[in-house]
1. Identify all residues within the stretch B:281-310 that are under 25 Å from A:F222 (Cβ atoms) and at the interface with chain A (Cβ under 9 Å from one of its Cβ atoms); write none if there are none.
2. From the residues in the stretch A:265-276 that are out of contact with any Leu (no Cβ under 7 Å at 6 or more places or on another chain) and touching a residue at least 40 places away in the same chain (Cβ under 8 Å), which one is nearest to B:F74 (Cα to Cα)?
3. I want to confirm something. Restricting to the stretch A:208-239 and keeping residues that are more than 14 Å from every other protein chain (Cβ to nearest Cβ) and assigned to a strand (DSSP E or B), which single residue is farthest from the chain's Cα centre (by Cα)?
4. Exactly one of these conditions fails for A:K250: (1) closer than 21 Å to A:T64 by Cβ; (2) within 14 Å of chain B (Cβ to nearest Cβ); (3) free of Cβ contacts under 8 Å to residues at least 24 places away in the same chain. Give me its number.
5. Residues that are surrounded by fewer than 23 Cβ atoms within 10 Å (Cβ to Cβ), at pLDDT 95 or above and within 23 Å of B:E238 (Cβ to Cβ): does the stretch B:330-343 have at least one?
6. Take the stretch A:316-342 and flag every residue that is acidic (D, E) and without any contact (Cβ under 8 Å) to a residue 40 or more places away in the chain.
7. So which residues in the stretch B:238-276 are in contact with a helix residue (DSSP H, G or I) (Cβ under 8 Å, 6 or more places away or on another chain) and more than 17 Å from A:F206 (Cβ to Cβ), if there are any at all?
8. List the number of the failed condition for A:P147; all other conditions in (1) of a type outside the set (A, V, I, L, M); (2) closer than 20 Å to A:L184 by Cβ; (3) away from every other protein chain (no Cβ under 14 Å); (4) touching a residue at least 60 places away in the same chain (Cβ under 8 Å) hold.
Number of protein chains: 2
Amino acid sequence: MATLCFQSPSKPIFNFHPKTKPSKSLITKVSIFKPRATVQSQGLVIATEPEPVFTSVKTFAPATVANLGPGFDFLGCAVDGLGDHVTLHVDPSVRNGDISISEITGTTTKLSFDPHQNCAGIAAMATMKMLGIKSVGLSLALRKGLPLGSGLGSSAASAAAAAVAVNELFGRKLGNDELVLAGLESEAKVSGFHADNIAPAIMGGFVLIRSYEPLDLKPLRFPLEKDLFFVLVSPDFEAPTKKMRAALAKEIPMADHVWNSSQAAALVAAVVEGDVASLGKALSSDKVVEPKRAPLIPGMEAVKKAALEAGAFGCTISGAGPTAVAVIDTAEKGYEIGEKMVEAFSRFGNLKSVASVKKLDKIGARLIKSM
Amino acid sequence: MATLCFQSPSKPIFNFHPKTKPSKSLITKVSIFKPRATVQSQGLVIATEPEPVFTSVKTFAPATVANLGPGFDFLGCAVDGLGDHVTLHVDPSVRNGDISISEITGTTTKLSFDPHQNCAGIAAMATMKMLGIKSVGLSLALRKGLPLGSGLGSSAASAAAAAVAVNELFGRKLGNDELVLAGLESEAKVSGFHADNIAPAIMGGFVLIRSYEPLDLKPLRFPLEKDLFFVLVSPDFEAPTKKMRAALAKEIPMADHVWNSSQAAALVAAVVEGDVASLGKALSSDKVVEPKRAPLIPGMEAVKKAALEAGAFGCTISGAGPTAVAVIDTAEKGYEIGEKMVEAFSRFGNLKSVASVKKLDKIGARLIKSM
């Protein structure tokens with residue numbers, strides 16, 4: 001019987017307390033919740049292999065904006081209505097404990113069908129390993145809603161949708177931290193060991209990555225009653241993450257460090273207070289990363305200027321680019337700002353671009369259908 | 001008639017909106033609230049010279065802990081029950097528009113009686129100038145409750161008490177931002193152009209300095225219903241601010257920049273949520289400033305270790321030191337931690353030290369008596 005359910009994920013959050021166990025590794029940490037004997041050297045497994053509770057699930061995971069200016073490498077948030085879908089089936093024709101990618105559709109079909117080379121495949125397999133799945137084979141269909149290399153967490157959306165699909169199929173045994181770890185295996189292979197896309201893709205809202213060893217994620221609650229809109233303008237331009245990372249300074253002048261830290265602190269205060277104007281001001285104030293990367297994206301500086309002149313509270317590069325992201329408090333103003341930004345990309349960067357106005361996604365990766 | 005009043009300062013907060021006036025200087029900014037013609041090149045004055053509303057006032061301003069680990073140079077908070085007092089009289093024997101320092105008592109009497117060289121004098125005169133006081137002379141008595149060079153914002157406490165005293169005497173015409181600017185004139189002369197002591201000394205609680213040009217202060221509200229205690233351990237050791245600043249690196253590795261920024265962000269989240277354990281963890285996590293300064297204070301590393309082993313949520317150097325500050329959620333635990341810290345200063349630094357356990361001061365500089 002098919003059940004259609006739109007629900008917010010009520011996955012348990014595992015609160016690690018690194019202070020009391022400062023020297024423990026991630027594997028030992030997660031093993032707190034499992035019998036020691038079941039921890040394998042190659043991954044994390046749970047005590048008893050769970051059985052599938054559905055024969056098929058469909059999940060969605062949202063696009064994400066990482067960095068947010070001064071939050072470089074430790075802050076990200078999810079945006080609603082853009083993202084990837086994964087459909088996962090129990091498949092007797094697939095070897096037990098294994099996964100097969102059956103279909104890739106949507107905005108890009110250039111991705112590998114080898115599950116070891118595909119973001120969704122890697123995350124799904126890491127999740128299966130954590131769950132200790134040895135007696136069931138799965139097939140996975142990926143529908144991309146995001147272009148690759150846009151700076152909107154395309155790989156993280158695929159990984160998040162896949163990790164959550166596996167977890168849902170087997171009765172939701174893993175918590176957010178573990179799903180983020182599974183997604184990180186994929187991110188590490190595809191775009192670098194950074195959780196600032198995968199964590200908000202899984203958890204929704206704003207997520208602050210406090211540390212990796214042990215993984216310590218801090219969700220920042222943007223007030224439910226307030227609205228926050230992102231104007232996302234993606235130009236037809238390739239900004240490879242590696243090149244954008246190579247552009248960064250290895251050493252930061254103390255004055256810039258103090259400035260950026262204070263703006264990151266102000267950004268967090270603005271998020272939890274739902275002060276969109278302050279949020280925009282902080283997001284717009286990066287002196288460390290944006291000044292190095294913006295010149296590599298034709299027209300970006302003019303696009304930012306156009307966004308601010310059109311009334312945006314702030315504007316910066318989304319992730320490693322090339323998408324420009326501006327923030328505002330109403331969709332109407334967002335559309336006006338988006339038009340001006342597209343115009344600026346065309347005029348000053350000679351680039352075609354597409355604008356969209358999206359709300360903050362407060363839910364994250366979710367089950368949308370199960371059978 | 002003498003009026004004894006213990007009250008929280010309800011000074012107006014002037015909210016500057018730098019976004020809408022990005023290129024304006026501080027002087028022009030403050031002049032938004034005053035007729036242009038009255039703005040003088042040497043300072044900020046109000047339209048009509050106010051008359052004194054009291055003949056005498058007594059004020060108190062609290063000690064402050066600046067930096068708080070990763071909040072270096074932009075974050076500070078006030079601690080209750082430690083600080084300086086200023087008594088200010090209308091004095092016909094003092095030249096109109098001038099100020100005379102009549103008495104200095106308390107923990108140190110080595111301070112200059114020249115109002116141009118004394119923290120309290122400089123701040124009082126700057127405040128008088130802002131108010132445009134030309135027809136009244138004042139005499140000021142300073143009672144120091146804080147030792148100099150302790151890392152607890154001694155100069156800021158004097159400046160804050162003096163600025164607030166002048167403002168109260170003349171009917172509270174200035175807001176927090178202006179009082180901080182007056183205090184900054186003093187700080188710039190005595191210990192450097194930094195508002196991370198003077199802003200919390202005046203405003204209470206935690207204050208984030210977002211920018212100086214224009215001055216943009218963000219009070220961070222620690223929840224009223226929660227308790228936060230500081231264990232302050234001051235060793236008998238001189239740590240001159242200049243020497244402590246010279247010890248800092250001029251360039252910060254990118255990885256440390258990202259780490260410290262993320263911890264500063266986490267610290268702010270912990271403050272506004274009143275999560276003392278997280279606050280301590282973030283305060284304790286500085287990789288940029290503390291590692292350079294701690295080795296210059298004998299025993300500091302051992303003192304931090306002792307504090308954490310005794311159950312403190314976090315420990316770092318207060319301001320530029322030499323005071324060590326630990327945070328905890330009850331006074332009882334605070335006393336135990338303080339004992340261990342004193343012991344460690346003695347054993348590993350061969351230094352005598354004094355411990356005190358103080359609550360967060362949520363009020364800031366205040367009028368305590370008026371006549």
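The values are calculated or read from the model by the stated rules, or taken from the named source; none is laboratory data. Because the structure is a prediction, the values reported are computed rather than measured. Note that we place each Cβ from the backbone using ideal geometry, even for glycine, and neighbour counts take in every protein chain shown. Protein only, heavy atoms only, side chains kept; ligands, DNA and RNA dropped before computing areas. Shrake-Rupley method; radii C 1.70, N 1.55, O 1.52, S 1.80 Å.
1. Scanning the stretch B:281-310 gives B:K281, B:A282, B:S285.
2. In this case the residue turns out to be A:E273.
3. Selected residue: A:P235.
4. (1)
5. Yes, the stretch B:330-343 contains at least one residue that is surrounded by fewer than 23 Cβ atoms within 10 Å (Cβ to Cβ), at pLDDT 95 or above and within 23 Å of B:E238 (Cβ to Cβ).
6. Passing the criteria: A:E332, A:E336, A:E339.
7. B:A239, B:K243, B:M244, B:A247, B:L248, B:A249, B:K250, B:E251, B:I252, B:H257, B:N260, B:V276
8. With (1) of a type outside the set (A, V, I, L, M); (2) closer than 20 Å to A:L184 by Cβ; (3) away from every other protein chain (no Cβ under 14 Å); (4) touching a residue at least 60 places away in the same chain (Cβ under 8 Å) applied to A:P147, the lone miss is (2).
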